[in-house]
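Structure first, commentary second.
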Amino acid sequence: MTFINSVNIIIYYKDMILIADSGSTKVDWCFVEGASIVKQVSTSGINPVVMSEDEVSACIGGQLMPQMEGLSPASVHFYGAGCVSDEKCAIVASAISGHIPDVSVTVDSDMLAAARAICGSDPGIACILGTGSNSCVYDGRHIIDNVSPLGYILGDEGSGAVLGKMLVGDVLKRQLPEELCARFLEQYSLDRLTVIDRVYRQPQANRFLASLTPFLLENISDPAVYGLVLRAFISFFERNVANYSSYRDMAVGFVGSIAYYYRDVLADAAGQFGCTLGRILRSPMEGLVEYHTKKII
């Protein structure tokens, strides 16, 4: 049994593998045999930073096992948020082994999942742009450098949470066209007091802020909106990617819904830093299936 930093799980039976891409709210599980996807299922999220081994085990036993329908993989590769140390990875690995005995289990971070999905076995710079953001330099096997993301209050530049924060701030500070501000507040049934309550008093403010980003995509042709998104992405490159000495020599790839849907603006920001954009994926699963099936072959 091997523990690695990530929360995506892959399970193998003979040549079958189970790959799990986990966040705090949802885990996507993909059973793969040879190069073919046999079955895909979802369960609630697994994050060993906020969950005990018993809670992780209950999720796997109560939600994953009933959906396996006799499938008995030979190995599991689990990637996810919260798998940030050997101790946290061991929690997930032990819970999996308790329900699926006699299998090889590896547990790694969501950042390694992104790197493998984007780059495979080639070196590159891998980035996450979803609700949060992150980046790393990957040598084809390991993460060799990482600028701390710091979360949406201190960092997470370019993320959905920060884009939502910028949008709300510009609306309430009257920095966007009046008609656009009025339409936003009406569309989301918001006013200043409601926003303050959701951000400062209620939990998961980052998810609330990220939930507002569809408005930006719907209005991306407006110069003010395009400029807001572009500034956020420029900040991501400036405060993260540009800190890697090789950033102009390696392709910079992305996973995450923000990167995927705003890829044209992302390309504009990358061009301003002389970066070459690599692969852009909505989620890492497609690339993880490719990575692990090539390893089998």
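We did not get these values from a lab; they are worked out from the coordinates using the rules stated. Here the structure is a predicted model, which means the values were calculated and not measured. As a convention, Cβ positions derive from the backbone with ideal geometry for all residues, glycine included, and neighbour counts pool all protein chains shown.
See the values below:
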| quantity | calculated |
| --- | --- |
| Percentage, to the nearest whole number, of Cα pairs in the chain over 35 Å apart | 23 |
| Cα→Cβ-extended label distance, 7 Å offset, between T25 and D264, nm | 2.6 |
| Calculated FRET value between D222 and D249, using beta carbons and R₀ = 30 Å, to 0.05 | 0.25 |
| Count, lysine Cα pairs under 19 Å in the chain, 8 or more residues apart or across chains | 7 |
| R282 versus Q63: modelled label distance in nm, points set 7 Å from Cα along the beta carbon direction | 2.1 |
| Bridge type composition, the chain - antiparallel percent by DSSP, nearest 5 | 50 |
| Volume per residue that the Cα convex hull of the stretch 181-297 spans, once the total is divided by residue count, Å³ | 145 |
| Long-range tail of P(r) for the stretch 119-255 (Cα pairs > 25 Å, %) | 34 |
| Value in Å of the Kirkwood radius, where the stretch 174-223 supplies the Cα pairs that are averaged | 11.8 |
| Paramagnetic reach from A35 in the stretch 252-286 [backbone N under 19 Å; point 7 Å along Cα→Cβ] | 285-286 |
| Percent RCO, i.e. relative contact order, over the stretch 139-210, from Cα pairs under 8 Å lying at least 6 residues apart | 37 |
| Length-normalised contact order of the stretch 164-270 in % [C-alpha pairs under 8 Å, at least 6 apart] | 26 |
